[in-house]
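Working notes for the structure below.
The numbers here are math on the coordinates, done by the rules we state, and not lab data. As the structure is a prediction and not an experimental result, all values here were calculated from the model. Positions of Cβ are backbone-derived with ideal geometry, glycine not excepted, and every protein chain shown enters the neighbour counts.
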Amino acid sequence: MNKNKNINLARFLAGEMNVKEEIAFRREVESNPKQLSELKNMEKTWKYFDANPSGRNGDSGKAWNKLYKRLEEDGLLENPSVVTGTRRVLPALRVAASILVILALGIPALYFGVIRNNNSEPLSNSYAEKGSLTVDLPDGSRVYLNEGAEISFPPVFIREREVKLKGEAFFEVMSDPVNPFIVRSGNVVVSVLGTSFNVKQSKQSPNVEVYVKTGKVRMSVENSGQFITLESGEVGETESQNLTRSIQKDPNYISWKTKDFKFVDAELMGVLQELEDSYHVTIHNQVADLHNMKITTSYSEQSIDAILETIGTAFGLTVSNKEDGYYLTN
């Protein structure tokens, strides 16, 4: 690539482009498979150095001299270099990310050495011990863990974007046409390019459910050759070693994450159970005829206190909050 393209790539990686420039840059790169592949390699190097600052110091003097020469040829140095011992001390760069761009393009030995060293990095683990937990992944994707869920992933995605999940989680995956995003849960493998979906495996059952909110998801069973492609609004589920597909009709399926609820002529007992599961609280019923009560209502991002207060008002009940949970009384 020429000097101008190098600079644009560096500015993109450093986050120095405005919105219009970034949109134009993405369109140009995505139309060229070779450029797109090179960009992905550069992003991996950038993310590695960002997460492992000590990695910058693992290079030999020869590699740094090669880097300096390339930077000088591209006119990216502001001042003459200073030589100390066998290594040049690089002056300030016009674009900070240029170092990583040149590493990716001009010093393959160092680049691939970094990749190999990164393979030994321990996995990161996040566990939602109480309530839900939001986890940001190395590629910018975001995961919402439901209570009791655990996810593990490498500190930097290098060759592929793969995570392991226990429990339930909702994923918002950054689009990446080159590197699919893979979730392993039990014996199920879920692969996507960029979408939002929910994966659920309960402690009581080995079966796994996958619900797609947006985009498409490929759901497969390991070592069986079985797979299905799920689209928005569909749910895939394992039953023994088989895969089934259905339309998700429960409006509250991911309410634990969205805190949006819709109830139509619903039994109040079921509503309270839904609230317990979504807010991870205990609601003690001390009302004898609660089973005969029904409710039609909706809630959007309200606190559990506010919701229970409206329910109490609607049915003439008293709601009290104690250390071991909420109490409903006449």
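Quick check: net charge around ILE151, other residues with Cβ under 9 Å of its Cβ, Lys/Arg +1 and Asp/Glu -1? Numbers along the way, then the final one.
Details: positive: LYS164, LYS166; negative: GLU150.
It works out to a net charge of +1.
What's the long-distance tail for segment 124-247, i.e. % of Cα pairs beyond 17 Å?
Numbers: 3982 of 7626 pairs.
I get 52 percent for the Cα pairs in segment 124-247 exceeding 17 Å.
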FRET efficiency for GLN241 and ALA24, using Cβ-Cβ distance with R0 set to 35 Å, rounded to 0.05
0.15
Estimated distance in nm for a label pair at ASP305 and SER124, the labels positioned 7 Å out from Cα along Cα-to-Cβ:
3.3
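Kindly put ILE158, ILE247 in sequence by how many other C-beta atoms sit within 10 Å of each C-beta, fewest to most.
On the way: ILE158 20, ILE247 7.
Lowest to highest Cβ neighbour count: ILE247, ILE158.
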Just to check I understand the Karplus step: with θ = phi - 60° and J = 6.51 cos²θ - 1.76 cosθ + 1.60, what whole-Hz values come out for segment 154-170, glycine and proline as x?
x, x, 9, 7, 10, 7, 7, 9, 10, 10, 10, 10, 10, x, 10, 8, 10
Once fully extended, how much extra length lies between THR329 and ALA288, figured as 0.36 nm per residue of separation less the alpha-carbon to alpha-carbon distance?
13.8 nm
Calculated log₁₀ intensity ratio I(q)/I(0) where the Debye formula runs over C-alpha points of segment 255-329, q = 0.24 Å⁻¹
-1.26
